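Right, one structure below, let's go through it.
The values are calculated or read from the model by the stated rules, or taken from the named source; none is laboratory data. All of these numbers come straight from a predicted model, not from anything done at the bench. Glycine gets a Cβ as well: all are built from the backbone with ideal geometry, and neighbour counts include every protein chain shown.
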Amino acid sequence: MAHFEKANSIGEWLDQRLAVETLKKVMQTEYWIPKNINFLWAMGMVLAATFGILLVSGIFLLMYYKPDTNLAFDSVNYTIMSEVGYGWLWRHIHGVGASLVFLIIYIHMFTGIYYGSYKKGRELIWLSGMGLFVAFSAEAFSGYMLPWGQMSYWAGMVITNLFSGGSLEAYGLVEWIRGDYVPADAFLTRFFMLHVLLIPLAIIGLIVLHFGTLRIPHVNNQDGEEIDFAEAAELYKAGKVKESKVIPFSPVFLSKDVFVMGVYFILFFYLVFYHFEFAMDPVNFDPADGLKTPAHIYPEWYFLWSYEILRPFSKDLGLVAFAVAQVIFFMLPFLDRSPNVAPASKRGLFKYWFWAMLIDVIVLTFMGKLPPTDALFANIGLVSALLFFALWIALPIITKLEKKL
Amino acid sequence: MKELKIFGIVAIFTLVLYWGVEPFAHSQMHKHVESHGFAYDGAADIEEAEAAKKEDTVKVKKAFWADVAKVAKIKGDVAAGEAGFATCMGCHTGMPINMGGVIPPALDHAGAIYDKNYLIALIKDPAMASNVDHKYADTSTHPMGSIKMMMADDQQIADVVAYIMAKKAGEVTTKEAFSEACGRCHAMRYAKTTQLGDTPTFKHEKDTLAHKIKVIDEQNLVKAYMGKLPPDLSIIIRARSEHFLETFVENPQSGLPGTSMPRVGLSHEGYEKVHAYMTEIGDPSKPAREELGPKVLLFFLAFTALAFLWKKSRWKGHH
């Protein structure tokens, strides 16, 4: 057994047993972050905070929610909304948080794409981040089932039907997923389990992995500059904070993170109190009814772009396109053949690729919610979906042509 | 400032995204229905018939609403109207007794919540007034159809309506307005009311079940008459937009063509009462939200200001 001296303070006592001083250095005061960054670098912490809010509000909702097709709707809309003290607040926080978390995820993703933060040793950061995107998507979908409103039911119907594989007609698989011929009690209880246990566990694991992947390649910076972190850290520790290219995570980087989070929370709670409807579709305030299909079925806004990639094609082609669109972003580090780690503005053709991709995804998002019966919208949707794939095919070519900076 | 420029770009893209998936998408998904300020002159009905190219119906409707306008100009005698109103009381007893498919509504506050023109039209021809004439080959098959025979004189109609507007117009609570105008077809389970009114609490489960059976029987009658059980309105306030609810109550055919729901003829004040009740039940956190919102925002404004100062002090000498 190790030898222990008498400790003179709680800190010292803990340090002897847990090495908290070392831990603090490794995780905070000597975890070096480049100085040349902007507020977009705070999105990771904003996401972590939003996940925390979703977790806490979710725990409160879980205490009163009833996963039963006969009780679910009223447990959410009556018990939580009028009988539980501040139940409405937790629900609106949870609903708005679920929507905003995707806004920040998309900002975080496109920041990574713009600055090339997925290249040269940072591939795993990107891959684990995409893993988180998929896990959050599954979490959002399973959570959307729980109030058991019209949109829960019909979205569940549409999405589980995708697993029939078009012309493969694998209805056995669909029934296996639902546990019934249609979304019913078995469906609700298993999605409840996924939403409150299995997927959150996966998310927490992936967050740890995502942080871990950052450690060795370090965070990218605004110019994609390769920094000698050891040298810069020595400079910083020697007191030359102005000359050094790095800052410690805590308290310097953290102070900026907290400020950005403050701005974000103002928006967040403005939406929670005054503008929550955007995150809570009116259709879902009608109880699930298997005999009444809503006039328009559409997913929440953050899935619209991939929904629109599914829609304009024939059944089988649409499914293939949809499946490819779901995973294509994973391939980014391998499809980008350029040796440069630099902001898109300095990367020739990639600059146009970036803005074209961003605008195309936004146009797809718009079209995904509009009625496909309108020929104009349907055609815009088709062209945007084709452009989406054209851009991915063009990516390796234009990046291969890129000159080394 | 480069950072502000980047923030501006992010903000613009976010706002454009919001505009596309919310206001723009909704404007494309729902056809726009013009509100007509709770005035009942048949203009919307005639337009509908014209759009459907039913020329005979157009003629009949034009004549009918012209008649209504004529009666509206006659000065009614309140005292004489009282005698005529006794005829109404034969059915509108305020008791939950189904007659021909529905329970006749209580008229205790009819003068306070319904429109005068509408009431005239209703007595002249209930199916036409409620814009569900497409459901009946002949108005006399309407549950209230017999009124056409019982009260055919224009002066008498003017008298009865004058009586209702004068004597049945006392203070009305939001709940009374709702239950008189909507409650005989629509339950509201979050307020514990059904088509039979407030659900009493019973000591014995046997009595609870007996009441439940009565409710089911009543609902079956309404269902048989309307084609389907009209939806529970507990949280309709969150399931439909303000504008939709308003124009739908004014004229159900405008939002749901062919629906069997009758137009109930609420005046603007009457609708406001009903709307207030639906908000109370369907969105009960509204007052608490309005109370707490500014405090939470103030907290985060202070938090952000302090965080900014902290950031400034921490980054001092770094650039």
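Against the definition (exposed (fewer than 14 other Cβ atoms within 10 Å of the Cβ) and part of a helix (DSSP H, G or I)), how does residue A:263 come out, yes or no?
Values: exposed (fewer than 14 other Cβ atoms within 10 Å of the Cβ): no; part of a helix (DSSP H, G or I): yes.
Considered against the rule, which asks whether it is exposed (fewer than 14 other Cβ atoms within 10 Å of the Cβ) and part of a helix (DSSP H, G or I), residue A:263 comes out as no.
Quickly run through the stretch A:269-297 and pick out the residues that are among the aromatic types (Phe, Trp, Tyr) and more than 8 Å from chain B (Cβ to nearest Cβ). I'd like the intermediate steps shown before the answer.
Step one: filter the stretch A:269-297 for residues among the aromatic types (Phe, Trp, Tyr), giving A:269-270, A:273-274, A:276, A:278, A:285.
Scanning the stretch A:269-297 gives a single hit, A:276.
Quick one: is residue A:175 without any contact (Cβ under 8 Å) to a residue 60 or more places away in the chain and at positive phi? Full working, then the answer.
Values: without any contact (Cβ under 8 Å) to a residue 60 or more places away in the chain: yes; at positive phi: no.
Answer is no for this residue.
For the stretch A:240-268, which positions are facing chain B (nearest Cβ under 9 Å) and of a type in the set (Lys, Arg)?
A:242, A:256
Identify all residues within the stretch A:341-381 that are hydroxyl-bearing (Ser, Thr, Tyr) and either touching a Lys or Arg at 6+ places or on another chain (Cβ under 8 Å) or farther than 26 Å from residue A:294 by Cβ (or both); write none if there are none. First the steps, then the outcome.
Pass one, the stretch A:341-381, residues hydroxyl-bearing (Ser, Thr, Tyr): A:345, A:352, A:365, A:373.
Correct list: A:345, A:352.
Kindly check whether there is at least one residue in the stretch B:285-302 that is more than 24 Å from residue B:120 (Cα to Cα), outside any helix (DSSP H, G or I) and under 32 Å from the mean Cα position of the chain (by Cα). Steps first, please.
So the first thing to find is which residues in the stretch B:285-302 are more than 24 Å from residue B:120 (Cα to Cα), and the list is B:285-302.
If we keep only those that are outside any helix (DSSP H, G or I) too, we end up with B:285.
From what's left, under 32 Å from the mean Cα position of the chain (by Cα): B:285.
Yes, the conditions are met somewhere in the stretch B:285-302.
Whether any residue in the stretch A:40-47 is within 14 Å of chain B (Cβ to nearest Cβ), in contact with a His (Cβ under 9 Å, 6 or more places away or on another chain), within 23 Å of residue A:222 (Cβ to Cβ) and outside any helix (DSSP H, G or I) is what I want to check.
Taking the stretch A:40-47 first, the residues within 14 Å of chain B (Cβ to nearest Cβ) are A:40-43, A:45-46.
Adding the requirement that they be in contact with a His (Cβ under 9 Å, 6 or more places away or on another chain) leaves A:40, A:43, A:46.
Adding the requirement that they be within 23 Å of residue A:222 (Cβ to Cβ) leaves A:40, A:43, A:46.
Okay, now just the ones that are also outside any helix (DSSP H, G or I), so none.
The answer is no; no qualifying residue exists.
I'd like the full set of residues that are of a type in the set (Val, Ile, Thr) and modelled with pLDDT of 95 or more, limited to the stretch A:127-158.
Initially, the stretch A:127-158 is screened for residues of a type in the set (Val, Ile, Thr), giving A:134, A:158.
Correct list: A:134 only.
In the stretch A:206-221, which residues are surrounded by 14 or more Cβ atoms within 10 Å (Cβ to Cβ) and in a helix (DSSP H, G or I)? Break it down into steps so the answer makes sense when it comes.
Pass one, the stretch A:206-221, residues surrounded by 14 or more Cβ atoms within 10 Å (Cβ to Cβ): A:206-207, A:209-211, A:213-214, A:217-221.
Within the stretch A:206-221, A:206, A:207, A:209, A:210, A:211, A:213, A:214 qualify.
Please pick out the residue among A:381, A:318, A:348 that is crowded, with 16+ Cβ neighbours inside 10 Å and on the phi > 0 side of the Ramachandran plot. Can you show your working first?
Working: A:381 fails: on the phi > 0 side of the Ramachandran plot; A:318 fails: on the phi > 0 side of the Ramachandran plot.
On inspection, the qualifying residue turns out to be A:348.
Return yes or no: is residue A:60 at pLDDT 95 or above, in contact with an Asp or Glu (Cβ under 9 Å, 6 or more places away or on another chain) and assigned to a helix (DSSP H, G or I)? Before the answer, list the steps.
On the way: at pLDDT 95 or above: yes; in contact with an Asp or Glu (Cβ under 9 Å, 6 or more places away or on another chain): no; assigned to a helix (DSSP H, G or I): yes.
Against the criterion (at pLDDT 95 or above, in contact with an Asp or Glu (Cβ under 9 Å, 6 or more places away or on another chain) and assigned to a helix (DSSP H, G or I)), residue A:60 does not qualify.
Got a sec? Which helices (runs of 4 or more DSSP H) wholly within the stretch A:68-164 have at least 2 residues that are under 30 Å from residue A:339 (Cβ atoms) and more than 13 Å from chain B (Cβ to nearest Cβ)?
Details: elements: A:87-115, A:123-145, A:150-161.
Per the criteria, A:87-115, A:123-145.
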